[in-house]
1. Out of residues 5 or more away from Asp270 or on other chains, whose amide H comes under 5 Å of its own, with H placed 1.01 Å from N in the peptide plane?
2. Mind checking which of Glu31, Glu288, Glu343 has the largest fluctuation in a GNM of the chain, springs on alpha carbons under 10 Å?
3. Would you work out which of Ala135, Pro16, Ala205 lies farthest towards the positive end of the dipole of the chain? Charges go on Cβ: Lys and Arg +1, Asp and Glu -1.
4. What lysines does Lys147 reach when the alpha-carbon gap must be under 16 Å and sequence neighbours fewer than 8 apart in one chain are set aside?
5. Taking loop as defined by DSSP and a crowding limit of 11 other beta carbons within 10 Å, which trypsin sites (Lys or Arg not before Pro) in region 173-252 fit?
6. Using a cut-off of 29 Å between alpha-carbon atoms, which lysines can reach Lys302, once sequence neighbours fewer than 8 places away in the same chain are excluded?
7. First check a/c for region 1-129, with a ≥ b ≥ c the square roots of the eigenvalues of its C-alpha gyration tensor; if it is under 1.5, answer rounded, and if not, answer prolate when a/b is larger than b/c or oblate otherwise.
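Derivation of every value follows stated rules applied to the coordinates shown; laboratory data play no part. The shown structure was predicted, so the numbers you read here are calculated from the model rather than taken from an experiment. All Cβ positions, glycine included, derive from the backbone under ideal geometry; neighbour counts span all protein chains shown.
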Amino acid sequence: MPQHVQGVVAPGRNEPVRVETIVIPDPGPGEAVVKIQACGVCHTDLHYKQGGINDDFPFLLGHEAAGVVESVGAGVTDVAPGDFVILNWRAVCGQCRACLRGRPWYCFATHNARQKMSLTDGRELAPALGIGAFAEKTLVAAGQCTKVDPAVAPEIAGLLGCGVMAGIGAALNTGDVGRGDSVAVIGCGGVGDAAIVGSRLAGAARIIAVDIDDRKLDKARQMGATHTVNSRTTDPVEAIRDLTGGFGADVVIEAVGRPETYQQAFYARDLAGTVVLVGVPTPEMTLELPLLDVFGRGGALKSSWYGDCLPSRDFPMLIDLHQQGRIDLGAFVTETIGLGDVEKAFVRMHEGDVLRSVVIL
């Protein structure tokens, strides 16, 4: 029997979001219905609202979530009703060429629920990143559910569903930060601060935080940055080189997603160093670099998709580290809000007032 629940819908490009009644079908084969307990307000949701992802309006927003499995469809064996799970948007298929080569974090055929959620008038909803978790319940592919210890608060666990995992993974998985490395992180929002946490966890000796907002730089230092650079008043490339003996950082993580900050990252790394792009650019952005510099500086230029994570491996590990007190995931939660406060949360995000607003249901 389909269920009617409340959810946050983006009806059209740049229109205010609103709480609507949505219809959740019973789970089909390989699917699960999850009762959402908490969902972070991520910048990607704002991109959906602005039409920066695609034009498949109306969208059911929200994707950085944790909750409890309510029911599952035929053939589901990895999770069961009652399991506490974090939702992920990279449900690996196990059959594509990346999965078969032992690199499932690069899965080329990640899957979502086959059935569609809808408004009561029958219009189908496009769930953000295949999840749609600004809702009391949502329908997902069962592979999008990662079981974790239910002792952790859902507003903390859910953050691994996107931004925090993206940042930590950019350092640990994509950047392969090692003991004694120097790391620069350009852009100190939630993802950038998570990259700082990941770099500290990996044993980096020097972690340089770069941003144009002193409030964010203060928070970055609390998260583990050893040095800060305000790039509004200081050339960040020169500053990073000065702080690394004139060489540049071993790993530079760009968490903004703009051509100008990517160029800064490119020139702020040491010879044979690594640049990791985890900030998400918009479709019209282009990048121009002298090809001779790309050749002559060597090293690696990498993009980090979701922190190159494998949810079944990384989510439980990071929850365990949080419970041990070795990382503080709770430090990313600035405020908790209700479903009706998402539009205000987007404004606060744009103004740089929060790391994460988290909807509690």
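1. When sequence neighbours closer than 5 places are left aside, the close amide H contacts are Ala249, Asp250.
2. Fluctuation is largest for Glu288.
3. Ala205
4. The reachable lysines, counting only those whose Cα sits under 16 Å from Lys147, are Lys35.
5. Answer by residue number: Arg179, Arg232.
6. Output for Lys302: Lys49, Lys216, Lys219.
7. oblate
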